[in-house]
C-alpha cells in the first residue's frame, strides 16, 4: 500500500473520531487505527493530532493502543521524553 492509500485509510478512521456521538473509548480506538495509518503514510504530525484529539475527548482510563500510537508519533517527531511518557502511560 502506498502513502496515499495509508493516508486515505487514516482519514476514514479519523471521521469516526470527529463524530460527536462516538464514545470516548471508541474515539480512542479509532484514533489508534487512524494514527497507525498516518504513521505508515509518514505523517507523524497527523498521527499525533488524531490521538491527542481522541484522548482529550475522554476521561481516564485512556486506551493503551491510543497512547502507544501517540508515543510512536512523538518518537517519529524526535520528542523522545514525551514519547517515553506516553509509552509508560500505556502500560
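The numbers here are math on the coordinates, done by the rules we state, and not lab data. These numbers come from a predicted model, not from an experiment. Here the Cβ is made from the backbone with ideal geometry for all residues, glycine too, and neighbour counts use every protein chain on show.
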query: Using alpha-carbon positions, what is the distance between the centroids of segment 1-57 and segment 71-91, in Å?
result: 17
statement: Footprinting proxy, 43, 52: sorted fewest to most Cβ within 10 Å, the residues are 52, 43
- prompt: For the chain, modelled as a GNM with alpha-carbon contacts under 10 angstrom, which of 18, 36, 72 fluctuates the most?
  reply: 18
query: Of 24, 47, 56, which is the most mobile in a GNM of the chain whose springs link Cα atoms less than 10 angstrom apart?
result: 56
statement: Per GNM of the chain with C-alpha springs under 10 angstrom, the most fluctuating residue out of 77, 48, 39 is 77
- request: Please say if the chain is rounded, prolate or oblate, where rounded means a/c under 1.5 for a ≥ b ≥ c the square roots of the C-alpha gyration tensor eigenvalues, and otherwise the choice is prolate for a/b larger than b/c and oblate otherwise?
  value: oblate
message: Taking a ≥ b ≥ c as the square roots of the Cα gyration tensor eigenvalues, with a/c under 1.5 meaning rounded and otherwise prolate when a/b beats b/c, else oblate, which class fits segment 47-91?
response: oblate
message: Using Cβ counts within 10 Å as a stand-in for footprinting exposure, how do 69, 22 rank, fewest first?
response: 22, 69
Ascending count of other beta-carbon atoms within 10 Å, so fewest first, for 38, 13: 13, 38
